[in-house]
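> Sending over a structure as structure tokens; questions will come in a sec.
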Amino acid sequence: MVAVVMIAENVRAVRRRVEGAAGVVGRDPVEVRVLLAVKAQTGPAVLEALGAGADLLGHNRAQELTAMAPALAAPGVPPHEMHFIGRLQGNKVGQVLPWVTCVQSVDSVRLAERMDRAVARRGQAPCAPPVLDVLVQVNVSGEPTKAGVGPAEAADLAAAVGSLRHLRLCGFMTVGANAPDAGAVRASYERLAQVRADVLRGGEAGTAGATELSMGMSGDLELAVAAGATIVRVGTAVFGPRPAGPQGTR
Ligand SMILES: *Cc1c(COP(=O)(O)O)cnc(C)c1O
């Protein structure tokens, strides 16, 4: 784990990497948000990152999210948004939704319908947002350990999500190929961009807003920005290596 004093510098260094990568391909860097993947991190480390300008956090695990979220909602903590980026079990939906503005890891109609019903119920309370932003997670590399629908199924899932009244389909998320070859990694990100293009061209109801591409991590964010990422998700580049074990997995 990186000393807390390094974290602020690392947040700024990641932003500079995004700006450099966008510049290379002639993109405006403001199109690319940096999400900090905070799995296995401590509250003080996350607060340090927020103090350095981070404004978007991603949690993988319902339990870690609900343990940390109240401290991050306290007065004086810099404003930020929280997304869910991990595998979401149906029975954890109720715990997760109150804390997040987007679930990036929708990989089945069943999960989407369950979230839709949960948002519909909370919508009866005053001030609860009536819709939840979601991304469809696509397994572009076909690696069996990775979550997400296959690229060939992504359009059908996007259309199903688009038809649900309490979810707003905002785009697509992937964990890229785990390959040493930059060409293969970039091709996997281009595959997600192609999924988005196909869905937008297909014109199904509720899919016109599916413009986001959440892809790219600490080791390869430049490749993802070149392929059109609008959200890159970084953990180790800011917080240092995670301890081994289940929390260190993707
Ligand atoms: C941990 C994680 C990341 C960040 O990975 P790093 O290699 O630490 O940058 C991104 N996306 C998801 C879904 C993750 O679980």
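> Provide the gained length on full extension for the span residue 16 to residue 198, in nm with one decimal, where the gain is 0.36 nm per separating residue minus the Cα-Cα distance.
This chain segment gains 62.4 nm when fully extended.
> Work out, step by step, the length gained on full extension between residue 33 and residue 55: first 0.36 nm times the residue separation, then minus their alpha carbon distance; give nm to one decimal.
7.0 nm
> Here's something else I'd like to know. Pop a pseudo-label 7 angstrom from the Cα along the beta-carbon direction at both residue 181 and residue 143 and give the gap in nm to one decimal.
Taking the two extended label points, one gets 1.5 nm.
> Next up: For 108, 188, which order do you get if you count the other beta carbons within 10 Å of each Cβ and list the fewest first?
108, 188
> Roughly what percent of Cα-Cα pairs across the chain reach past 27 Å?
33
> Order these by the 10 Å Cβ neighbour count, fewest first: 6, 215, 173.
Going from sparsest to densest Cβ surroundings: 6, 173, 215.
> Taking the number of other C-beta atoms within 10 Å as the exposure measure, put 84, 172 in order starting with the fewest.
84, 172
> Something else about it: Gain in length, residue 101 to residue 73, computed as 0.36 nm per residue apart minus the alpha-carbon separation, to one decimal in nm?
Separation in residues times 0.36 nm, less the Cα-Cα distance, equals 8.7 nm.
> What whole-number distance in Å separates the alpha-carbon centres of the range 109-134 and the range 15-75?
Comparing the Cα centres of the range 109-134 and the range 15-75, I get a distance of 24 Å.
Bear in mind that the values in this text are calculations on the coordinates, not laboratory data. Note that the structure is predicted; figures quoted are calculated from it, not measured. Neighbour counts run over all protein chains shown; Cβ positions are idealised from the backbone, glycine included.
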